[in-house]
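Below is one structure, written out as structure tokens; comments come after it.
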Amino acid sequence: MVTISLLALFIGLSPLVSAQNNSLDTFTNPVLNEVGADPFVARDDGYYYLTYTTATNITILRSTSLTDWDNADAKLAFDPPVCVSQSNMENAVV
């Protein structure tokens, strides 16, 4: 009985799923042409915030679109002092 109910539910929802897959909004990976580790995205007040780490700094990008980071505002969040080696960056005092 449960199987029949789930099947009926799935068949009833299939036009909705099909309509969502025919969206004209597309994007091409990668959505960000930068190279960095530990990506993190958050959304607040209509903006997406993206950050990732590189060998030289940590930058925060802000965009109204999750797939258009080429036109995003960029702010430097952390730039290690010259005297701090890359391997010792986790001990740097900010």
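Where a number appears in this text, it was derived from the coordinates with a stated rule and is not lab data. Note that this is a predicted model, so its numbers are computed, not measured. Every residue, glycine among them, receives a Cβ derived from its backbone with ideal geometry; neighbour counts consider all protein chains shown.
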Exercise for review: State, to one decimal in nm, how far the label point of THR53 lies from the label point of LEU66, with both points 7 Å from Cα in the Cβ direction.
Suggested key: 2.5 nm
Study note, to complete from the structure: Protection proxy (average C-beta count within 10 Å per residue), highest first, orders 56-67, 34-45 as 56-67, 34-45
